[in-house]
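Single-structure report; data block below.
The values are calculated or read from the model by the stated rules, or taken from the named source; none is laboratory data. Keep in mind the model is a prediction, meaning the values are calculated, not measured. Virtual Cβ from ideal backbone geometry, glycine too; neighbours counted across all protein chains shown. Protein only, heavy atoms only, side chains kept; ligands, DNA and RNA dropped before computing areas. Shrake-Rupley method; radii C 1.70, N 1.55, O 1.52, S 1.80 Å.
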Amino acid sequence: MTLLKSWVASANSAETPFPLNNLPYGVFATDAETMPRCGVAIGDMIFDLCKAEGEGLIDLGVAVFDVPYWNDAMDLGPEAWVALRARLVELLSEGAEALPDYLVAQADVTMLMPFKVVEFTDFYAGKHHAMNVGTMFRGPENALPPNWLHIPIGYNGRASTVVVSGTDIVRPNGQTKAPDAEVPSFGPCKRLDIELEMGAIIGGANAMGEPVTVQQADDMIFGYVLLNDWSARDIQAWEYQPLGPFQAKAFATSISPWIVTKEALEPFRISTPSREKPLLSHLVEPGPMLYDIDLAVTMAPKGKAASTIARTNYSQMYYSAAQQLAHHASSGCAMNVGDLIGTGTVSGSEKSERGSLLELTWGGNEPVTLDTGETRTFIEDGDTMILEGTAKGDGYQIGFGSCAGTICPAKPFPK
Ligand code: MN
């Protein structure tokens with residue numbers, strides 16, 4: 001696959017994150033239009049799908065773009081997804097009639113949540129991350145729980161606090177207990193962290209009681225976003241046993257604004273690493289279901305330049321999102337259109353490849369030095385954390401748009 005050319009000039013560059021090969025889906029608002037609407041990114045522009053559908057340029061049999069979310073389009077199923085992408089390629093390709101009236105500059109819009117998150121589940125599917133965190137919390141002998149190589153471990157998170165990139169994040173309050181303290185205390189989180197993850201957006205459903213195969217699970221995935229699973233490490237350490245994270249994760253999750261479709265990522269499919277123990281058959285991948293996507297984390301103190309603090313790749317994960325989804329439904333749990341699956345923190349084997357500050361600073365003991373000369377163990381008020389992701393093709397790239405969030409001071413607890 002090489003760069004596909006468009007009549008939108010800014011899309012025909014090796015550097016744009018949004019060439020015709022990508023066509024990611026989002027929801028945007030402009031000053032002129034009070035109604036937020038669905039659109040597709042092309043170069044530095046957005047093609048207005050609400051207008052295109054309203055005027056008959058796009059017809060999926062039923063109107064799905066007169067709403068400010070992608071759930072209705074996802075609900076049409078994979079055949080419609082393919083038809084929509086084919087029609088967009090036809091409309092936006094070089095040689096097609098230029099349609100400048102349907103374009104809005106990305107610089108002039110506010111990006112909103114691209115879909116209504118129905119439920120959110122987060123996994124723990126990166127082996128380097130699990131080894132690092134397990135070593136810090138339980139020692140190297142007990143780092144990897146006995147189930148880890150057999151099932152993708154997850155927990156049910158909160159859909160209510162999944163927010164789009166650019167949304168400020170208020171530092172959470174919570175209960176913590178210092179190792180040498182006799183009783184716990186309550187107050188602002190002191191060890192606020194990120195987790196560099198991908199999010200898989202589920203565009204299909206299975207009925208309660210009806211599990212799916214890994215292949216069916218892959219077919220149910222509509223696309224991917226970048227996902228920051230904000231984490232309060234001090235709250236987590238006190239609360240997590242025996243049922244896993246709760247308030248340490250429930251206060252916020254950020255996602256990037258553009259849904260990069262599975263079709264756009266098709267050239268970048270890659271297999272999970274070789275199995276250290278054979279999986280039971282219901283979790284075996286029938287083909288490559290991870291993707292070769294370069295990921296990076298940057299950190300910017302208030303008013304200062306950003307420093308890259310980690311670089312890794314999504315292919316480092318031990319389980320794919322399809323395996324996670326198949327595991328999720330294996331008990332008969334119903335999964336629905338609009339569900340969001342966090343892949344788990346993506347960390348590589350090298351120190352510079354760690355996808356959380358907990359790992360980068362080894363529990364807060366080895367501060368990272370930013371390009372500004374400042375050091376950090378965990379996130380301070382005013383700091384902005386940005387995730388970025390790029391799949392690199394032959395003369396083109398597939399970008400996700402950034403996933404950014406700035407930390408605001410904790411709010412006083414109501415008396
Ligand atoms: Mn996580």
All but one of (1) open to solvent by less than 60 Å² (accessible area, probe 1.4 Å); (2) touching a residue at least 40 places away in the same chain (Cβ under 8 Å); (3) within 15 Å of the ligand (Cβ to nearest atom) hold for G174; state the number of the condition that does not hold.
(3)
Inside segment 233-264, can you point out the residues that are more than 14 Å from the ligand (Cβ to nearest atom) and among the hydroxyl-bearing types (S, T, Y)?
S256, T261
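Quick check on segment 142-163. Is at least one of its residues of a type in the set (S, T, N, Q) and surrounded by 15 or more Cβ atoms within 10 Å (Cβ to Cβ)?
Within segment 142-163, one or more residues are of a type in the set (S, T, N, Q) and surrounded by 15 or more Cβ atoms within 10 Å (Cβ to Cβ).
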Residue in segment 181-190 that is within 15 Å of the ligand (Cβ to nearest atom) and over 30 Å from N22 (Cα atoms) present:
no
Out of segment 223-273, which residues are more than 12 Å from the chain's Cα centre (by Cα) and of a type in the set (D, E, K, R)?
R233, D234, E239, K249, K262, E263, E266, R269
Mind counting the residues in segment 80-132 that are under 23 Å from A200 (Cα atoms), under 21 Å from the mean Cα position of the chain (by Cα) and in a helix (DSSP H, G or I)?
5
Condition first: open to solvent by 10 Å² or more (accessible area, probe 1.4 Å) and touching a residue at least 40 places away in the same chain (Cβ under 8 Å). Now tell me which residues in segment 177-194 satisfy that.
K177, P184, F186, G187, P188, K190, R191
Members of segment 235-261 that are modelled with pLDDT of 95 or more, surrounded by fewer than 24 Cβ atoms within 10 Å (Cβ to Cβ) and assigned to a helix (DSSP H, G or I)
Q236, W238, E239, Q247, A250
Which condition from (1) assigned to a strand (DSSP E or B); (2) over 17 Å from the mean Cα position of the chain (by Cα) is the one that P286 breaks?
(1)
Subset of segment 196-232 (residues that are open to solvent by 10 Å² or more (accessible area, probe 1.4 Å), under 26 Å from E388 (Cα atoms) and either of a type in the set (D, E) or within 16 Å of the ligand (Cβ to nearest atom) (or both)):
D219
Filter segment 133-163 for residues that are of a type in the set (V, I, T) and more than 19 Å from the chain's Cα centre (by Cα); the one that is modelled with the highest pLDDT is I151
Go through (1) more than 15 Å from the ligand (Cβ to nearest atom); (2) closer than 30 Å to L76 by Cα; (3) in contact with an Asp or Glu (Cβ under 6 Å, 6 or more places away or on another chain) and name the single condition G166 misses.
(3)
Evaluate the following for M111: is it more than 16 Å from the ligand (Cβ to nearest atom) and in contact with a Phe, Trp or Tyr (Cβ under 6 Å, 6 or more places away or on another chain)?
yes
If you go through segment 1-15 one residue at a time, how many are more than 15 Å from V104 (Cβ to Cβ) and surrounded by 23 or more Cβ atoms within 10 Å (Cβ to Cβ)?
1
